[in-house]
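See below for the structure under consideration.
The values are calculated or read from the model by the stated rules, or taken from the named source; none is laboratory data. Computed from a predicted model, the values in this text were never measured in an experiment. Here the Cβ positions follow ideal geometry from the backbone for every residue, glycine too, while neighbour counts run over all protein chains shown. With ligands, DNA and RNA removed, areas are computed over all heavy atoms of the protein, side chains included. Shrake-Rupley method; radii C 1.70, N 1.55, O 1.52, S 1.80 Å.
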Amino acid sequence: MLQSQRPQGSVVIIGAGTQGRRLAYMWSSRGGLVYLVDLNERQLEEGLRYVQQLRTEAEHPGTWGDVRLATPDSLESILQGAWLVVECVPENLVLKQKVLTQLDKLAPERTIIASNSSSYGIGEIIEGLTLKSRQRLLSAHCYWPPETSAIEIMGHKDTDPALPSLLSDECEKHGFSPFRVRQSSIGYIYNRIWAAIKRETLLALSEGICEPQEIDAIFKDVLKTPKGPCEQMDIVGLDVVLDIEKHYAEARSGLPSEPREYLQKMIKEGNLGVKSGRGFYDYEAENGH
């Protein structure tokens, strides 16, 4: 199914949100054609402007590729010339299953189908789905390109064994730093380690060991990072952190319940982090409100 040489054709990105538009920038950085697909035409236009903004800020030695906007009604047509299609829809399992089922139905068998999901591995997403070509599906989860170039490549039990290497090579050519996840892993590599840090942070807080400011201060002092775990969780959103923790708890037995209970109490009080003005820190006070 897979070519041994460099794949020919376009890259199709499904979803023009924060990650989709960043991926459109990355995959068009070496002259290739990229289609950015979304139901929301305003989001498409904003996505294209964002790509152009990133390009003006970049030191780029080569030729930029063409980024074209498309709505789902033209999906079947544009997929015919694609070597890769990446889903970047919101972190909703049912939605991702619907999108991947549609892509499997419409894309030619030579087209690689990748999921950028941060919470669900490809094996979880396609479990129970009736697909015509499971071998060409895998996870390709990135963080915050182009500032953070890491991308984690993970297959499932039926993934064509040649596919992760092929995609890793192409990712590297387009400015990513690929990492192979060699066994199915909830949270891939980085998020799995980061989840343990978040969980222990919340457990320490629930036990009254220290205050959030103290955890962040010692974390930054020892590891020389710009932000500590509590600051990071506030940026992500405590409701999102709780959803992720619930997913880990459903998949793995023996995880302590106190971190989730601590988050639930904060969320019940309306403290969601930066987006609500207050989480572990009071952002309204910092802004003088």
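Quick notes
- Cα centre as origin, Lys/Arg/Asp/Glu Cβ charges: the chain dipole, Debye: 940
- When the pairs K220/K275; K96/K227; K220/K246; K96/K246 are compared against a 20 Å limit on Cα-Cα distance, K220/K275; K96/K227; K220/K246 fall above it.
- Using R0 = 45 Å, the C-beta based FRET efficiency linking E211 and E57 works out to 0.75.
- In this structure the chain gives 50 Å² per residue of accessible area when probed at 1.4 Å with all protein chains present.
- Three-way shape label, the stretch 161-259, alpha-carbon gyration tensor, a/c 1.5: oblate
- In a reduced charge model with +1 at each Lys and Arg Cβ and -1 at each Asp and Glu Cβ, the stretch 10-181 shows a dipole moment near 180 debye about its Cα centre.
- Put simply, the C-alpha atoms of the chain give a gyration tensor, and the ellipsoid matching it has half-axes of 35, 22, 18 Å, longest first.
- Per-residue ellipticity at 222 nm from helix content only, as computed over the chain with -39500 (n - 2.57) for each DSSP H run of at least four residues, stands at -13500 deg cm²/dmol.
- Set of aspartates and glutamates near K265 by C-alpha distance (under 19 Å), chain-local residues within fewer than 8 positions excluded: E200, E207, E211, E231, D234, D239, D243, E245, D282
- Ranked by how many other beta carbons lie within 10 Å on average, peptides 90-97, 233-240 from highest: 233-240, 90-97
- GNM top mover of I112, I209, I14 - the chain, alpha-carbon springs below 10 Å: I209
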